[in-house]
1. Would you be able to say whether some residue in region D:422-445 is more than 14 Å from chain A (Cβ to nearest Cβ), in contact with a strand residue (DSSP E or B) (Cβ under 7 Å, 6 or more places away or on another chain) and without any contact (Cβ under 8 Å) to a residue 40 or more places away in the chain?
2. Among the residues of region D:513-531, is any farther than 25 Å from residue D:400 by Cβ and within 14 Å of the chain's Cα centre (by Cα)?
3. Only helices (runs of 4 or more DSSP H) wholly contained in region D:1-114 count here; list those with 1 or more residues that are out of contact with any strand residue (DSSP E or B) (no Cβ under 9 Å at 6 or more places or on another chain) and free of Cβ contacts under 8 Å to residues at least 40 places away in the same chain.
4. What are the residues in region D:56-74 that are surrounded by fewer than 18 Cβ atoms within 10 Å (Cβ to Cβ) and either under 21 Å from residue D:31 (Cβ atoms) or outside the structural domain of residue D:122 (by TED's automatic domain parsing) (or both), if any?
5. Might you let me know whether region D:489-503 holds any residue that is within 14 Å of chain A (Cβ to nearest Cβ), touching a residue at least 24 places away in the same chain (Cβ under 8 Å) and either closer than 21 Å to residue D:217 by Cβ or not in a strand (DSSP E or B) (or both)?
6. Kindly check whether there is at least one residue in region C:9-25 that is modelled with pLDDT of 85 or more, more than 9 Å from every other protein chain (Cβ to nearest Cβ) and over 27 Å from residue C:75 (Cβ atoms).
7. Go through region C:73-84 residue by residue and tally those that are more than 24 Å from residue D:658 (Cβ to Cβ) and either more than 7 Å from chain D (Cβ to nearest Cβ) or modelled with pLDDT of 90 or more (or both).
8. If you scan region D:628-649, which residues turn out to be in contact (Cβ under 8 Å) with a residue 40 or more places away in the chain and at the interface with another protein chain (Cβ under 8 Å from one of its Cβ atoms)?
């Protein structure tokens, strides 16, 4: 933990919450830029990974930097492909930090508008798992279209997929679906409690 | 040593041919693959992106079910599921309090006694694979590992995170010529296949560009998501790159099946977007 | 016994562990004041009967620590110490003294952090 | 009745900040036998020492305990002060209430109690101290320098010029070390071999220096002033006296395709070779692992062409025994090679080279005779990327330290490349530029401003080959950390400086301690950088930590000065903390029963047999006797002795028992 002899303005700073949840101490990052250099999507990000780490480093003294990190497009573009963690000289688990920032961004409703489709896809994915226990691809695509509004997307793919037998019309269900329901209920309740 | 089998959702849907070819090969090798009873989805990227507890709960329930069934190891052919199950097992074994909490959450006592195997580990452990080869798969191939088979290294402890060789060695065993290429473990765009197809077109395009430039005749994959992006998204890739890539993308189990002389139909080759054909002559195998 | 304050005596060799403890000081690493150090030229010099004397005089725990094998300033002192320790441990059992009350270990010259952790682990 | 003086130091506030020094002084005063107890702000200062001396005289104290810092710090200071006041120095002990108490515990009663415990322990010990006289030991005024790089050469020359004999042992066929492999050196760009070879020749021709090349230290026994070294002269398969160094054998040798170590694997050499033209001694060596004669028993061409018949195929390794008084360790360092980096291709790309290989490419005596040609196809590289911090400052790769010299030689490499390929485009990927030496910063500025070297701030994530080019994936954190790719023709990795192979084994032969990275440990990082904890063994150069040539030379001269100081005394005064076997009046003469277990335990063979004869010459008993010259005071014999007849002065049974009892305040009753 940070040495506790200087007080924090508004409770534990974002960096401390990240440390507590992921065990990653952003103070160890010496901004060598190797993660950004290897990140496949860094060019599309508003803040490449090394800059997100720097935002976290300064977030304690500058709350607006915490905002930039939580409202960034980066944390949704991150595919957790683990290249950065694999090559980080200080062995910092950056994908895990991104996960933690995503959870906080969702909890505080600060998700970047550009990431709407990505989040819609993940929500649709989990809807299918909650209801059937598995991913029912057809159902998930429909749910995604309703959430994202891209009704015409991949219209040409569907018939082909059906023809080659890759598209099932009926979902495969898990027998103990009620247990799945209870698991989802417990985890979403836990989410409310978190800051 | 009881080996369980966790197919994962995509092998029942968009990656049917991966499941067909795996089961065909397993049957030919006389290995039965009992499924984990009443298995549920591992949550893949969606779960750990949105909810930390759910990301651990879903895989924990799967592993607990496998343990209850007495399975010592579970074959997980899909790289994403393999990663989620491995990470969950690693984190729950490292933190007793977390293990107890997640076990409570899924109402099953996760012990971590079942090891998680990926497809290459499972195939490599089968003795005398070379002996089963009837029609050597004599092609120049680019073995594509993707991200999650070899990373994070501390968790999966499989092969090398940079320039892995295990799939190359397997392909050499069945007569192929694995190429030294530069995109073995670069990301294909994974879960953005539907939500950000443009990014998949970019990343998967780079992969195909390098494979073709090196003279590869096929890309070998071991993950349904990579196959989906590299094969089914080919039109998007080609539209963005402004050029055609005729290189087929096949699963390692399909390549193995072909080399063992199994019929193409049983291996699901007809379900590919990019037809699995190879230019004339240079291979003894007849044109499929 | 919430406020049980164990008295721990550390018999250390001058070249590695004593120097290690000095460096623990220069780096201001904290550990419990219950641990006190008695300096010997080498662990080879420590007569293990002295440990019984220490237990008899009220020591709760004892640390015996010197240089890593092959690093001994006198080349072989610590080998003799290790052999004596193996026999002495049997004697402790025989006498009914809990072997865990004695910790025998090597702290190399750079092991100041381990010197701290051992003391901390004990106290 | 003991009259002990206790002197408690505040050490400024290093001690008084957490220890109530007044209370310790009061408690000390109450200990039986303490006649004087006082605390003062700076005991080690002159007034502090005066207080001790005055107290000794006024209260004729029989013992002194100074409660302050570690005995390893100021024990000599206070023992000298006591001696000056007429008290035998070995009746003065240090109670370590700083490093072992005030610095490591929080302020509070427990800390003060512990300080009092420590003082009481040492007071109990001092009461049992005896007055001892130092031992005089002869000094062999011959120094052995291990390692013939610039540090070893400088140390040898300085010691030899101080009038003492030097034995220089070098593992390679020639002295010169890494410096002989360099092209030009920063910050002056003067040619490395031009400034080095004269020194090498001076070493070869110096009357006081005996040079053993292609040799390694087999073992070292003894102690400061009295070492006995055994040096293994590996067989060169050559009679050095006959050989004139004409080089005919190397020209004619048919086995020519062996990777040259001197050229860092870029050039080739024959089986019988001289590492480089200016080698000292300029005598070839036969590489028995590759020479056809040793492999298949054929050829022997070199023997036929040698004008002086100097080839000796049946030559054996030779062990040379020498007595030396001091050893200087100057074994240098090595660097990681490109195969150490998974993300840079595990060394499979021929054109991804390390710093030493670049030096060879740039060197006039190199495989490309100084022309800038890349190893794979000999083409002149148009774009070269230099990667700083390759392996250094990388805890993930087990090397967390900075190797200190790479920023400077990387700037130099970029400049040398630009001087040789004017239209070339050099890029340097860096994290921080560390150019702290004299004229260093100006040198790096010159590289940027005059030679147009492009510096990109960021670490390279990956290097891979794509249609003939090396793609360097990096990012510039000063431009928003946008990933960028440079298609380079050649990449030079400024790899981490690490310890030499075999550094650990050598350290164990010399009982010298070393750190986790196998760099030798200096006695004190700031105040005794050229000494080790082992008396008589000194350090110079990069074997202690990566450093540049100026520092290595300075350290070498420092070590040489230490050796010269050691040799300036006729005899060496050694602390009398040695073993003594009990002697008594007849008829017992000694409690020793002559089992001689102690003799088998003694690592220094310092225990001899002494026959005690009656007046009529008849042998009464044979007892053990310690040779004060050999005994090092380790005390192993003491713990072996069944009858407690042998004891170590300074750590005797009485003293140690007193300490244990006092520490556990089982009170030493007697006054």
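The values are calculated or read from the model by the stated rules, or taken from the named source; none is laboratory data. Please read all numbers here as calculations on a predicted model, not as lab measurements. Virtual Cβ from ideal backbone geometry, glycine too; neighbours counted across all protein chains shown.
1. For region D:422-445, residues more than 14 Å from chain A (Cβ to nearest Cβ), in contact with a strand residue (DSSP E or B) (Cβ under 7 Å, 6 or more places away or on another chain) and without any contact (Cβ under 8 Å) to a residue 40 or more places away in the chain: absent.
2. yes
3. Working: elements: D:21-30, D:46-58, D:71-84.
Where helices (runs of 4 or more DSSP H) fall fully within region D:1-114 and carry at least 1 residues being out of contact with any strand residue (DSSP E or B) (no Cβ under 9 Å at 6 or more places or on another chain) and free of Cβ contacts under 8 Å to residues at least 40 places away in the same chain, they are D:46-58, D:71-84.
4. D:58, D:59, D:60
5. Yes, the conditions are met somewhere in region D:489-503.
6. The answer is no, given that none of the residues of region C:9-25 is modelled with pLDDT of 85 or more, more than 9 Å from every other protein chain (Cβ to nearest Cβ) and over 27 Å from residue C:75 (Cβ atoms).
7. Count: 4.
8. Selection gives D:632, D:633, D:635, D:638, D:640, D:648.
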